[in-house]
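Quick notes on the structure that follows.
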Amino acid sequence: MAALSQKHDVFHAIADPTRRKLLKLLADEELSVTVISEQFPISRTAVSKHLRILAEAGLVKERKVGRETRYRLEPTPLIELKQWLSFYERFWDNKLAMLKHYVENEEMSQWSRAERKENDEKK
């Protein structure tokens with residue numbers, strides 16, 4: 001998924017809520033650190049550190065425009081992550097189906113007990 005030369009993997013990069021917000025912000029357009037920093041209650045230095053982690057994980061690309069560095073989302077690692085996770089969805093889907101079956105049967109069982117009790121009280 002991530003190249004060996006990368007310092008941070010995708011899981012580490014997306015684990016932080018601030019970095020997830022950064023990715024969402026960069027999904028639609030390329031932005032400078034200044035513009036990005038205005039969207040967060042943290043320092044520009046802190047935003048730069050988060051961007052560096054995202055870049056090291058291959059999730060954002062940097063581009064120099066004059067004296068300014070602009071960042072944009074690089075979705076390829078996220079697509080690879082989605083493909084990897086999709087393999088495990090079958091286990092989640094199976095567990096959810098089993099839970100649904102259990103809950104529905106438990107509700108029916110409780111309804112049946114309540115109905116039997118009501119019938120017994122009428123006798």
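Laboratory data are not the source of any read-out in this text; all were calculated from the coordinates shown. This structure is a prediction, so every number in the text was calculated from the model and none was measured. Here Cβ is always computed from backbone atoms with ideal geometry, including for glycine, and neighbour counts include all displayed protein chains.
How large is Rg/Rh for the chain, to two decimals, with Cα atoms and a Kirkwood Rh? Let's see the in-between values first.
On the way: Rg = 24.8 Å, Rh = 18.1 Å.
Expressed as Rg/Rh, it is 1.37.
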- [ ] Using only Cα atoms, figure out Rg for the stretch 10-74 and give it as a multiple of 2.2 N^0.38 Å.
- [x] 0.99
Open item on the list: Students often get this wrong, so check it: of 61/95; 21/82; 21/100; 49/82, which have C-alpha atoms separated by over 29 Å?
Closed with: 61/95; 21/100
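Run the dipole for the chain about the Cα centre, Lys and Arg Cβ at +1, Asp and Glu Cβ at -1, nothing else charged, and hand back the magnitude in debye, nearest 20. Spell out each step's value before the answer.
Values: 23 positive and 20 negative charges, 102 e Å.
Once rounded to the nearest 20, the dipole reads 480 debye.
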Task: Distance between the stretch 90-109 and the stretch 8-27 - C-alpha centres, whole angstrom - done: 33
Task: Charge tally in the Cβ shell below 13 Å around residue 76, where Lys, Arg are +1 and Asp, Glu are -1, residue 76 excluded - done: +1
Task: Pairwise label distance in nanometres, residue 42 with residue 11, each label 7 Å out on the Cα-Cβ vector - done: 2.1
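Hey, got a sec? Which GluC sites (Glu not before Pro) in the stretch 5-75 land in a DSSP loop and have at most 13 other Cβ atoms within 10 Å?
On the way: sites: 29, 30, 38, 56, 62, 68; in loops: 29, 30, 38.
The qualifying sites are 29, 38.
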